[in-house]
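Peer 1: One structure, as structure tokens, below. Some questions next.
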Amino acid sequence: MIEVRELTKSYGPTVAVNKVSFEAHAGEVLGFLGPNGAGKTTTMRILTCYLSADAGSATVAGYNIFEDSVEIRKRIGYLPESAPLYTDMGVIEYLNFMTQVRHIPKSERKERIRAVIDTCGLEDVIQKDIGELSKGYRQRLGLAQSLIHDPPILILDEPTSGLDPNQIIEIRNLIRDIGQEKLVLFSTHILSEVSATCTRILIINNGEIVANGTPEELASQAEGEEIVHIAIRGSQEAIEASLNELEFVSQWAHVETTDGIVVYQVNAPQGSDAAEALFHVVVQNGWSLTELRQESVDLEDVFLNLTDKQ
Ligand code: ADP
């Protein structure tokens, strides 16, 4: 539904988006994750045809961004970072206005407004003016306007920015629900945001896509080693002789000895299942295990590895 090839955009000397390529399909919730200034907004504005690219190509819902911007806009809902709301309008008045902007036939307007009120949980505030709404409700209303014409593709720029933790969870759940039926592409600079909501993640840094995969795939790409903390009651000399002999152990360090319990940090290559193997070694030697803990290498490590190098 979205196909992007080598998209490039500069502002003067700043290359904001540098040869970005990716695809996105129906039924995906795609998280666009990157630090501030990475190029997320610029990419989204190009895909929504609010900004033109310098080079590369992209199709959205089968239409070319350089040639068919009107057709594309009909098929996408867009929520920019600050929702385009008019604070002196009432909620229903605003949604009604958006049905006109989107050229929804008069006979369908009521039904569409009802549908987005239900989807976005706006029932409690339909009597209010936008100026009276909390930030969370304003964001829901922003989402409602992006859905009013029932587009197959939704592009949301930092949809949870500025919300409190409860509001963030509500918007996340809403995005997940909407993602059951539509392609949702949303940007964030917050890692937990994507791991909680997305089926796939694109990590962007300095205008370039540096990773693309499911949260699980990205975590398994993490560089580094398995690190196991282990505490054993047994002979320190015998344990260390054994650690020296174990092939999967790349390195070990004695952490402390307390009341006959010896604690070690053991490093092993990724995928060697070191914790389980160490458990068997302890059992075979008749020692007793008092603690065994594997430090997981997770998405956060991947993100930091890919984006924190400058
Ligand atoms: P993000 O959404 O990931 O925070 P942006 O796409 O907003 O990133 O910005 C990417 C880069 O382009 C940044 O270096 C930013 O300063 C620059 N930039 C964005 N908009 C403009 C603009 N209108 N004029 C000049 N530079 C811009």
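The values are calculated or read from the model by the stated rules, or taken from the named source; none is laboratory data. Just so it is clear, the structure is predicted and the values come from calculations on it, not from any experiment. Because the Cβ atoms are built from the backbone with ideal geometry, glycine has one as well, and the counts that use them run over all protein chains shown. Ligands, DNA and RNA are stripped out before the accessible areas are found, and what is left, the full protein with its side chains, is counted by its heavy atoms. Shrake-Rupley method; radii C 1.70, N 1.55, O 1.52, S 1.80 Å.
Peer 1: Taking only pairs six or more apart or across chains, which ones have beta-carbon atoms under 8 Å, a first residue in segment 156-174 that is free of Cβ contacts under 8 Å to residues at least 60 places away in the same chain, and a second residue that is assigned to a strand (DSSP E or B) and within 16 Å of the ligand (Cβ to nearest atom)?
Peer 2: THR160/THR188
Peer 1: Kindly provide the set of residues from segment 283-310 that are modelled with pLDDT of 85 or more and either assigned to a loop (DSSP other than H, G, I, E, B) or open to solvent by 90 Å² or more (accessible area, probe 1.4 Å) (or both), ordered by number.
Peer 2: GLN284, ASN285, GLY286, TRP287, ARG293
Peer 1: I've got another one for you. Take segment 187-227 and flag every residue that is surrounded by 18 or more Cβ atoms within 10 Å (Cβ to Cβ), modelled with pLDDT of 80 or more and of a type in the set (D, E, K, R).
Peer 2: Selection gives GLU193, ARG200, GLU226.
Peer 1: Please enumerate the residues belonging to segment 131-161 that are within 25 Å of GLY39 (Cβ to Cβ) and surrounded by fewer than 18 Cβ atoms within 10 Å (Cβ to Cβ).
Peer 2: Within segment 131-161, PRO152, SER161 qualify.
Peer 1: Looking only at residues that are polar (S, T, N, Q) and more than 25 Å from ALA55 (Cβ to Cβ) in segment 183-233, which one is farthest from the ligand (Cβ to nearest atom)?
Peer 2: SER220
Peer 1: Does segment 139-155 include one or more residues that are on the phi < 0 side of the Ramachandran plot, assigned by TED's automatic domain parsing to the domain that holds GLY62 and within 16 Å of the ligand (Cβ to nearest atom)?
Peer 2: yes
Peer 1: Is it the case that LYS128 is in contact (Cβ under 8 Å) with a residue 24 or more places away in the chain, surrounded by fewer than 17 Cβ atoms within 10 Å (Cβ to Cβ) and not polar (S, T, N, Q)?
Peer 2: So LYS128 passes the test.
Peer 1: May I pose another question? Which members of segment 55-96 meet the condition of being within 16 Å of VAL116 (Cα to Cα) and open to solvent by 70 Å² or more (accessible area, probe 1.4 Å)?
Peer 2: GLU93
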